[in-house]
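**Student:** First the structure, which I've put down as structure tokens, then a few questions once you've had a look.
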Amino acid sequence: MHIVIGLIIAFVIVAIFARRNRATRNCRWRADHTGDRGALKKYRCAACGATGFSATGGPPRDCKSQLPKV
Ligand SMILES: [Zn+2]
């Protein structure tokens with residue numbers, strides 16, 4: 001019986017971590033051309049509201065939501 005309880009606890013922990021990783025990776029970057037600066041394209045995250053610049057043509061890969069808010 002202890003094994004079952006342990007498995008349930010482990011499953012919950014894994015689920016929490018998986019959800020947290022998904023939340024940080026699935027930033028929904030939207031291009032904001034009004035903020036473009038030359039080759040730097042401005043993107044705004046619809047999920048956490050962060051703004052980022054990218055020069056590669058694609059949206060930023062990282063999520064800014066982990067940064068402490070000033
Ligand atoms: Zn985000």
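**Student:** Please work out how much length the chain gains when fully extended from Phe17 to Arg61, using 0.36 nm per residue of separation minus the C-alpha to C-alpha distance, in nm with one decimal.
**Tutor:** 13.9 nm
**Student:** Starting from 0.36 nm per residue, how many nanometres of slack lie between Ile3 and Ala46 once their C-alpha separation is accounted for?
**Tutor:** Computed gain between Ile3 and Ala46 is 11.3 nm.
Values in this text are rule-based calculations from the coordinates and carry no lab data. Keep in mind it's a predicted model, so treat the numbers as computed, not measured.
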